[in-house]
1. Which of the residues spanning the stretch 274-314 are of a type in the set (V, I, T), in contact (Cβ under 8 Å) with a residue 40 or more places away in the chain and not in a helix (DSSP H, G or I)?
2. With A83, A100, A78, A104 as the choices, which residue is aliphatic (A, V, I, L, M) and either modelled with pLDDT of 95 or more or not assigned by TED's automatic domain parsing to the domain that holds V20 (or both)?
3. Do we find that W46 is on the phi < 0 side of the Ramachandran plot, among the aromatic types (F, W, Y) and surrounded by fewer than 19 Cβ atoms within 10 Å (Cβ to Cβ) in this structure?
4. In the stretch 171-186, which residues are in a helix (DSSP H, G or I) and surrounded by fewer than 16 Cβ atoms within 10 Å (Cβ to Cβ)?
5. Looking at this structure, is Y138 crowded, with 16+ Cβ neighbours inside 10 Å and in a helix (DSSP H, G or I)?
6. Pull out all pairs, ordered by first then second residue, where Cβ-Cβ is under 7 Å, the residues are six or more apart or on different chains, the first lies in the stretch 206-229 and is in contact (Cβ under 8 Å) with a residue 40 or more places away in the chain, and the second is not in a helix (DSSP H, G or I).
7. Would you be able to tell me the number of residues in the stretch 36-53 that are part of a loop (DSSP other than H, G, I, E, B) and out of contact with any Asp or Glu (no Cβ under 7 Å at 6 or more places or on another chain)?
8. On the given criteria, is E140 acidic (D, E), at pLDDT 95 or above and either under 30 Å from V324 (Cα atoms) or out of contact with any helix residue (DSSP H, G or I) (no Cβ under 9 Å at 6 or more places or on another chain) (or both)?
Amino acid sequence: MSDITRGEIVRVGVDLAKRVIQVHAVDATGRVVAAKALARDKFMQWCAQLPPGCLVAMEACSGAHHWARRLQAMGFDARLIAAHFVWPYRMQGKSGKNDANDLAAVCEAASRPNMRFVPIKTLDQQGQLVVHRLREGYKEERTACINRIRGLLAEFGLVYPQCPEQLRRALPEALEDATNEIPAVARMALKQAYLHWTEIDSQIAWCDERIAAHVRSDQQAKAAAQLCGIGPISASALVASVGDFTQFKSAAQFGAWLGLVPTQHSSGGKTNLGGITKRGDDYLRTLLIHGAKAAVHTAHKRKDRISQWVVQLMKRVGWQKAAVALANKNARIVWAVLTKGRAFDPEHVPVHPANALPGVPASSMAT
């Protein structure tokens, strides 16, 4: 295909891959102007021919934020779309998935006026998230290492409680005990596994130090960490993942984005609610719920309004549902604190707009 005629293309769909990047460009009427595969090192050269301000859309995947930042620097309107928002626009349906069909679907989805786009992360955000991703990987690796050691010891008749700390204390003694049936080569192998376990612990500790440093240096993360049920890891992950909290119109929208609101199957004026949607970032939702569980179990020891609310809720619906409800409440409070610039007050009494005082605008009331 010949070079792009400037001003002809208004929207481009991009499919990112390791070595080949495919593009699907359309004009204002939706007519396909270009559809081709490009070598990775030729992609930016091809984009340089696009008209200024052209919308370039791609699925939010590995490397998408990097390319989006580069495209923005060139003056283009770069957009990222979550994959589950793209496939409904694939004309061939679920059974017609290929790169060409996906590109057309990305292009079509980007044209929708109510489409929800993924905010483009900054370098600092992605840098902090690298620490979180490594920490999660180290945790999984540590669990696998512990289970491997436990299973190998069981082969020689040595069974220990599931608590990792008890195994940590008992393992050196078991390896030094000459009365058990562990052969010499197995003792050496298990000692190496134990050293690997120790090394993983040191890597996790390093990640914890970097996360704690992030919370100390970032005012938003420091403010989020003031809530009961949100620790340094949750606060750092929230700030690094979201960045600009004003992108959400309300606290309720932020909670829904995290997947902490109930699913609906409603019709004919009858509302049917189910479990939480579990949409959005699994990592953030898991951190908020686990933090809320710890806060729920100790709520009876505190006298603030939120803790008393949790105690009453736990009596009605049980501690598990109360933990999810507290996670949702904490997410909404974080949004309110970070968007309105106010300090967290556990004794704050929210005022519903319908009950606002005469002469006082509802927008001035706390959410």
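The values are calculated or read from the model by the stated rules, or taken from the named source; none is laboratory data. Computed from a predicted model, the values in this text were never measured in an experiment. Ideal geometry is used to build each Cβ from the backbone, glycine not excepted, and the neighbour counts take in all protein chains shown.
1. Selection gives I276 alone.
2. Just a single option satisfies the conditions, and that option is A78.
3. Considered against the rule, which asks whether it is on the phi < 0 side of the Ramachandran plot, among the aromatic types (F, W, Y) and surrounded by fewer than 19 Cβ atoms within 10 Å (Cβ to Cβ), W46 comes out as yes.
4. Those that are in a helix (DSSP H, G or I) and surrounded by fewer than 16 Cβ atoms within 10 Å (Cβ to Cβ): P172, E173, E176, A184, V185, A186.
5. Judged against the criteria, Y138 is a match.
6. What qualifies is A223/F344; A224/I230; Q226/F344; L227/F344.
7. 4
8. Considered against the rule, which asks whether it is acidic (D, E), at pLDDT 95 or above and either under 30 Å from V324 (Cα atoms) or out of contact with any helix residue (DSSP H, G or I) (no Cβ under 9 Å at 6 or more places or on another chain) (or both), E140 comes out as yes.
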